[in-house]
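Each remark here refers to the structure printed beneath this line.
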Amino acid sequence: MILEWGFSPDTVVMNLESTEKDELFEEMVQTIVAVHPDVDRQEALDAVRERESKMSTGIMHDIAVPHGNCSSVKQVVGAIGISRKGIDYDSLDKAPVHLVFMILCNPEHPEMHLSVLKEISAVLQNPTFLKEVLEKQTAKEVYDLLCAFGDDTAL
């Protein structure tokens, strides 16, 4: 299922430079656009910011899942970011974020958007996932771990 989520080792940022939420959105969207040049950068940023304005997507301790609808995305694309020092994210628990999943979906596929969020949530419910992902040293290791956990939680 992970491949359907639009993630790849090329969209994993091992050491995010951002220290606050808006910088993070820019950095993550840039990662997606670098791999998927057909995605409109400004539209993607606007979509993520609009969704975030409704409620913080810093949903779990150390984890944020910013997402939005973007018509320049064919179905779904995503990026994963790891911050060793933490990002001031205005999370629900007020703690810094260390792991970020950014997801952009085409608004004509709302069922896919919900499915991706549901599957990521299932992976994040595993108490060992965060610890293991933060121990990884390469983008390929993070991607492989996500694939393994995703396969274990396939719905």
Looking at (1) hydrophobic (A, V, I, L, M, F, W, C); (2) more than 21 Å from Arg49 (Cβ to Cβ); (3) assigned to a loop (DSSP other than H, G, I, E, B), find the lone condition where Leu92 falls short. (2)
Within the set of pairs 6 or more residues apart or between chains, which connect a residue that is in contact (Cβ under 8 Å) with a residue 24 or more places away in the chain inside the range 43-65 to a residue that is of a type in the set (Lys, Arg) and open to solvent by 10 Å² or more (accessible area, probe 1.4 Å) with Cβ atoms less than 9 Å apart? Glu52/Lys21; Ser56/Lys21; Gly58/Lys21; Gly58/Lys94; Ala64/Lys21
Can you name the condition, by its number, that Asp93 falls short on among (1) out of contact with any Lys or Arg (no Cβ under 7 Å at 6 or more places or on another chain); (2) in contact (Cβ under 8 Å) with a residue 40 or more places away in the chain? (2)
What number of residues within the range 33-74 are touching a Leu at 6+ places or on another chain (Cβ under 8 Å) and closer than 14 Å to Asn106 by Cα? 9
Of the residues that make up the range 47-66, is at least one closer than 20 Å to Ser8 by Cβ and of a type outside the set (A, V, I, L, M)? yes
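The values are calculated or read from the model by the stated rules, or taken from the named source; none is laboratory data. Since we're looking at a predicted model, the values are computed, not measured. A quick note on method: Cβ atoms are made from the backbone with ideal geometry, for glycine too, and the neighbour counts reach across all protein chains shown. Accessible surface areas use protein heavy atoms only, side chains included; no ligands, DNA or RNA. Shrake-Rupley method; radii C 1.70, N 1.55, O 1.52, S 1.80 Å.
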